């Protein structure tokens, strides 16, 4: 794991060496706060919890995470530095894992900076901090799932705009697959697809965490989901290298 951690440190330092990291964090914090206190009706609900915040985080990640990952491999390919990276004395999967870990840690930092919301809700009432903690864990896992999808898509193209659009589209599919609109539509036509849609829905799995339920099957789902797309990322890079 040492080479992967070296790559992760290099990538994470690269984020903060440019304005990209600060712009991402500021936009995330501003939108999260604005949506929580306005559309989420944080004060009007009269309940000491962070459900309004957790309701909007996956939708924020739907657009902000692809914006973070669109340059992950596309920029390396466009500049031609990907050949240098992949010829370094480290396994290719460790380069993939290192880049993913750096982006995941970065998203974790962005989530950590929302701690004033936790302080606020504890000052206003007596919330179940265990539920809040599991909700944050769910947010981090959703970020990891979308990062894995975005990284795999970024490896497929040199164009960052295309990488962004495709990543948003795929994340949207996985995020809304279990929604009532989709499942009811499929249930009347192809019931088996409705079950599959619920099974691959990121939002469906995330819902349990916001209720304080950290189920083993949900953890396995996110681990498998992230692992699959990181494997796909490595396969795509290997194919491109062969070309």
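All but one of (1) surrounded by fewer than 20 Cβ atoms within 10 Å (Cβ to Cβ); (2) at pLDDT below 90; (3) part of a helix (DSSP H, G or I) hold for residue 163; state the number of the condition that does not hold. Among (1) surrounded by fewer than 20 Cβ atoms within 10 Å (Cβ to Cβ); (2) at pLDDT below 90; (3) part of a helix (DSSP H, G or I), the lone unmet condition for residue 163 is (1).
Only residues that are under 14 Å from residue 67 (Cβ atoms) and surrounded by fewer than 15 Cβ atoms within 10 Å (Cβ to Cβ): list them for the range 1-19, please. Residues satisfying the conditions are 18, 19. Against the definition (under 14 Å from the mean Cα position of the chain (by Cα), surrounded by fewer than 14 Cβ atoms within 10 Å (Cβ to Cβ) and at pLDDT 90 or above), how does residue 216 come out, yes or no? No: the conditions fail for residue 216. Note on the range 44-63: among residues that are without any contact (Cβ under 8 Å) to a residue 60 or more places away in the chain and part of a loop (DSSP other than H, G, I, E, B), the one that is surrounded by the most Cβ atoms within 10 Å (Cβ to Cβ) is 45.
If only one of 202, 149, 168 is in contact with a helix residue (DSSP H, G or I) (Cβ under 6 Å, 6 or more places away or on another chain), surrounded by 17 or more Cβ atoms within 10 Å (Cβ to Cβ) and either closer than 24 Å to residue 50 by Cβ or without any contact (Cβ under 8 Å) to a residue 12 or more places away in the chain (or both), which one is it?
After ruling out the rest, the residue left standing is 202.
Entry remark, the range 30-43: residues being surrounded by fewer than 16 Cβ atoms within 10 Å (Cβ to Cβ) and part of a helix (DSSP H, G or I) number 2 in total.
The values are calculated or read from the model by the stated rules, or taken from the named source; none is laboratory data. Just so it is clear, the model here is predicted, and its values are computed rather than measured. Cβ coordinates were reconstructed from backbone atoms using ideal geometry, including for glycine residues, and neighbour counts include every protein chain displayed.
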